[in-house]
2 protein chains.
Amino acid sequence: MIVCGVMTGTSIDGIDIAICEFSEKPSIDKGFKLLLFSEYKFPKEFRNRIQEVITSQNISLRDLSQLNFLYSKIIAKSIDNMLLSNSLDSNFIDLIGIHGQTLWHEPIAQSFCNEMISSTYQLGSGTALSAMLNTPVVYDFRAADMALGGEGAPLVPIFDFNFFRSETENVIALNIGGMSNITYLPSNCTTNDVLAFDCGPGNTLIDSAAQIYFHKDYDFNGEIARSGNLIPAFFTELQSIEFIRQKPPKSTGRELFNWKNISKFIKNYEARDIVRTLTEFTAYAISENIRIFAQDNAEIIVSGGGANNAFLIEVISKNLPKCNISFSSDYGIPTQAKEAIAFAYLAWLNVNGLPGNLPKATGAAKQVILGAFARCQ
Amino acid sequence: MIVCGVMTGTSIDGIDIAICEFSEKPSIDKGFKLLLFSEYKFPKEFRNRIQEVITSQNISLRDLSQLNFLYSKIIAKSIDNMLLSNSLDSNFIDLIGIHGQTLWHEPIAQSFCNEMISSTYQLGSGTALSAMLNTPVVYDFRAADMALGGEGAPLVPIFDFNFFRSETENVIALNIGGMSNITYLPSNCTTNDVLAFDCGPGNTLIDSAAQIYFHKDYDFNGEIARSGNLIPAFFTELQSIEFIRQKPPKSTGRELFNWKNISKFIKNYEARDIVRTLTEFTAYAISENIRIFAQDNAEIIVSGGGANNAFLIEVISKNLPKCNISFSSDYGIPTQAKEAIAFAYLAWLNVNGLPGNLPKATGAAKQVILGAFARCQ
């Protein structure tokens, strides 16, 4: 089965598309092959509109409805382009798994209209996408887990479990996207032993500072951070954010780690020192969570955009001297492709009637099939 | 197969739940049975919040996400109550078909972020509902048709075709909900002969006037209208609304027929005369569409809340002297239950891999399976 996985992260920087082949009981050793991976940019108009929506935390009903379909149209065009530029037929793909664009994620139930409600919201109509491409689509992966009391995240652990676990070593799959999260796979583990949770910020705060102070999309290779100095007072304020040392299961997002919340700690500091401190804080959030809640003697397999920040990786490595750090690309999975591949795998699980969540990771009452399945014929 | 259909209309007045039994190739004569039908009220807090959203045409991202899940929770509780009060087990239902709460419907593509986009938006997570009740759910019925250039409405025609067509008579299934729509089934028709479209307002304008001028939810039996006089100038203004005589396929909603748009024609008139004129206009919109685009010699089978407005039905009957008017309840389908039953049937079609739209009715490029399928185990 050829499955296309599509991921668009909270940074709205682009569309990651992975086309994979899965056969029966796929694992890293057999039955799985990454055929193609590409990154596409969102059209500027769309990106601006979504950024406005996220900034204002508000949307008109018309924009909601139209953006929901426009998102699907943009994804459909990107997949079409990818197939075309590889001289592949439009019916090459058997199935699409798409995460959608997260606009809200509220993992802890709060009183709302007299009911305790937790919820998540991803923009994008899977049903429309399926009709546009005449290909079955699985989408809305987080809702069922949340309806069962889970946090709807993280969902990649079942992929990590099936593709990265080892009989002899402790493995930690670390993904550094907008946020950072780990999947801890003790040696010779079963699904019941898997622990997975968000650590805190990934690239989001570093990127924000690079954009605000240096007009760069991100801190290339961590060079700005490397040239700056740690600001102890700022670092201490950041370390005190409760989420960092909060016990798992836990998940987070831009609702907590956004520039508005962080910048209140910033005084009249040097710009490069701010980037340095945010990088050290991001590394701290990751390594502190690994140290307290996982295992400081493990193989860490890094994926996500943060894998390209050499300085960030150095600090993590320094914080965890007993760990060995490698990259998902060492295992044939480009660091930027892992989440897209994971959502292809989650779609594959759905159509095979297999559950996709790990209750120990999400906190849900039980394992369930994730996602809704849309097909047109 | 026991299928539960759930409909909540644009008037947000309540939740219609029909529990039906379908066997192979269901029709009115065989293989279909309505087991239970109930109407539930939305909790006041929820209804008020949705009404605020519709009035302001704007929603915060948090409310969007939380209301989406809260809607599912309210539906789940209503279904649970219905089963409980009929001493039925929670696994009595095999499948749920749910329409969702429409917040936006834009059937004609408009330029949006440099793309031509038409779209529709229904609140309610089918995936969450499926997990809450541990029952498979089909939802998001309109998106695929719209992605293929259709108007995503009307969707009830395939139900009308299968359950109301006649070999010897022209049949018109007329539903008077918030809006009014007809399905025209010429005698001995095939799906290609079926014509179906929205006529214009149903109860929405009459209800608004009853609420504003008389503090009543609606004009009971049409008694206010019956006691008033037609205002010719107002009636002429209303008749001039282009949608009424626009050629099908066409669909409409509160985006066009809302109080703000209509009240601009209202001068210093008597309140009961306003209700009378809006009732005559509603009847005109229905009968004019039947006369021009369908057949003025037909059996009209009325369903929807408007079936209870005796005066409205009288005016329609007077406008179409060659038609015979009956009610869906004469065929074993309570007038208020038809749409909920139709969405149970559309869900049944989805899981049986059968298309649900009629391209001649919606304008879509082709017949497709409608809806997304969510199941948890």
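Bear in mind these aren't lab numbers, they're just calculated from the coordinates by the rules spelled out. Not measured: the values here are computed from a predicted model. Every residue, glycine among them, receives a Cβ derived from its backbone with ideal geometry; neighbour counts consider all protein chains shown.
What the phi angles of segment A:226-231 give under the Karplus curve with 6.51, -1.76 and 1.60, with θ = phi - 60°, is a coupling list of 4, 7, x, 10, 5, 9 Hz, glycine and proline written as x.
Of the peptides B:135-147, B:210-222, B:334-346, the ranking by mean beta-carbon count within 10 Å, highest at the top, reads B:135-147, B:334-346, B:210-222. Each 20 Å bin from zero up to the one holding the largest Cα-Cα distance in the protein assembly as shown carries the following percent of pairs: 17, 46, 27, 9, 0. When only alpha carbons are used to place a centre, segment A:71-85 and segment A:22-48 end up 13 Å from one another.
Other protein chain C-beta atoms within 10 Å of residue C-beta, averaged over B:97-105: 2.
Above 17 Å, the calculated P(r) of segment A:301-377 contains 62 percent of its Cα-Cα pairs. Fully extending the segment from A:ALA233 to A:ASP330, taken as 0.36 nm per residue of separation minus the present Cα-Cα distance, adds 31.1 nm. Placing R0 at 41 angstrom, the Cβ-Cβ distance between B:ASN221 and A:ASP193 gives a FRET efficiency of 0.05 after rounding to 0.05. Shortest first, B:GLU270 label-point distances to identical copies amount to 8.5 nm, with the label point at 7 Å from Cα along Cα→Cβ. The length gained by stretching the chain between B:LEU256 and B:GLU169 to full extension, at 0.36 nm per residue less their Cα-Cα distance, is 27.9 nm. Computed on segment A:38-121, with alpha-carbon pairs under 8 angstrom and 6+ residues apart, the relative contact order is 18 percent.
Each Lys or Arg adds one and each Asp or Glu subtracts one; over the other residues with Cβ under 12 Å from the Cβ of B:MET146, this totals -2. A Cα-only calculation for segment A:145-291 places Rg and Dmax at 16.6, 51 Å. Ascending distances from the B:ASN324 label point to its copies in the other chains, with the point 7 Å along the Cα-to-beta-carbon line: 8.6 nm. Rg/Rh for segment A:24-106 stands at 1.07; both radii use Cα atoms, and Rh follows the Kirkwood definition.
Contact order, relative form, for chain B: 22 percent (alpha carbon pairs under 8 Å, 6 or more residues apart, mean separation divided by residue count). Take B:LYS77, push a point 7 Å out from Cα through the beta-carbon direction, and compare it with the same point in every other copy: 4.4 nm, smallest first. Summarising the label geometry, the points placed 7 Å from Cα in the beta-carbon direction at A:LEU84 and B:GLU39 lie 5.2 nm from one another. GNM on chain B, alpha-carbon springs under 10 angstrom: the most fluctuating residue among B:LEU320, B:LEU61, B:LEU312 is B:LEU61.
For segment A:254-295 and segment A:89-105, what is the centre-to-centre distance using only Cα atoms, to the nearest Å? Using only Cα atoms, the two centres lie 32 Å from each other. For chain A, the membrane-span-like helix rule (DSSP H, alpha carbon extent of at least 24 Å along the helix axis, mean Kyte-Doolittle at least -1.0) picks out A:61-85, A:271-293; this says nothing about an actual membrane. Cα centroids of segment A:305-319 and segment B:311-348: how far apart, whole angstrom? So the two Cα centres are separated by 67 Å. Here the calculated FRET efficiency for A:ASN48 and B:ARG291, from their Cβ-Cβ distance with R0 = 56 Å, stands at 0.70, rounded to the nearest 0.05. Of the peptides A:183-195, B:299-311, B:271-283, the ranking by mean beta-carbon count within 10 Å, highest at the top, reads B:271-283, B:299-311, A:183-195.
Per residue of peptide A:66-74, the mean number of Cβ atoms on other chains within 10 Å of the residue Cβ is 6. Peptide A:107-113 is shielded by partner chain Cβ atoms: per residue, an average of 4 of them sit within 10 Å of its Cβ.
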